[in-house]
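Please read the structure below before turning to the comments.
The values are calculated or read from the model by the stated rules, or taken from the named source; none is laboratory data. Note that this is a predicted model, so its numbers are computed, not measured. Neighbour counts are summed over all protein chains in view; Cβ atoms, including those assigned to glycine, are modelled from backbone coordinates with ideal geometry.
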């Protein structure tokens, strides 16, 4: 089912990217956009984990280097029926964590130094279980592909804006797209891609919360962890947090309010906590 979901999402976003390319550049633009989709999906599938780990200077650790963290990940992954993922620590005082890897056999769990110090064992295991749920349901691949193509759509729109600004518009024929359609697509397509990405990301977070609570055996460790992480974010924000990777973290590492919260890739913490508390008490 999750493999089918990945294929459907990939197909939808690829078609949207190709349609944008055709609207902006006609047949040539469509071919270029399709080629971009193929290349970016290939790179996303094989190298996205290495890119994001390098971006946040995450370092792999062994059981000897971090015995409690490593032991918790191993025990929880066994409960979840997953291969043991690689464990990384991010040299960052902010409280956060993410998972990556194209499939369960190549899963990675990364946590910050700050989260290891601030959370109790039950809370940390709630966070780890959330990330393992992402790996189990292949959410990382889905989110990475959608984010990559959404970025490509935005990039095409920006390129078209510069082309029109400097007189690069094309005639409405087989070799060039309609200027009116191109103008509409420059405005609508990035917004549509962002909304699809946001909707998918929020759904994934709710599902990972539920799956994480089931792996941990109760929802309360994750409930307390989410509340602590949300409070700590206002005091110790993550340094060099990137909008392109914000959807990967258990809580949004970007700070801000108003419209930023409205268009956040993460659902409100209060709603996540509410849903977790409504889970059956007998889970323990």
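Going by what's in this entry, would residue 83 be described as within 20 Å of residue 214 (Cα to Cα) and modelled with pLDDT under 95? No: the conditions fail for residue 83.
Scanning the stretch 131-173 for residues that are modelled with pLDDT under 70, in a loop (DSSP other than H, G, I, E, B) and touching a helix residue (DSSP H, G or I) at 6+ places or on another chain (Cβ under 8 Å), we see that the one that is farthest from residue 73 (Cα to Cα) is 172.
Looking only at the stretch 200-246, which residues are on the phi > 0 side of the Ramachandran plot and either modelled with pLDDT of 90 or more or more than 19 Å from the chain's Cα centre (by Cα) (or both)?
Correct list: 217 only.
Restricted to the stretch 24-115, the set of strands (runs of 3 or more DSSP E) holding at least 1 residues that are over 17 Å from residue 250 (Cβ atoms) comprises 86-90. Would you say residue 275 is under 30 Å from residue 81 (Cβ atoms), surrounded by fewer than 19 Cβ atoms within 10 Å (Cβ to Cβ) and modelled with pLDDT of 85 or more? Criteria met by residue 275.
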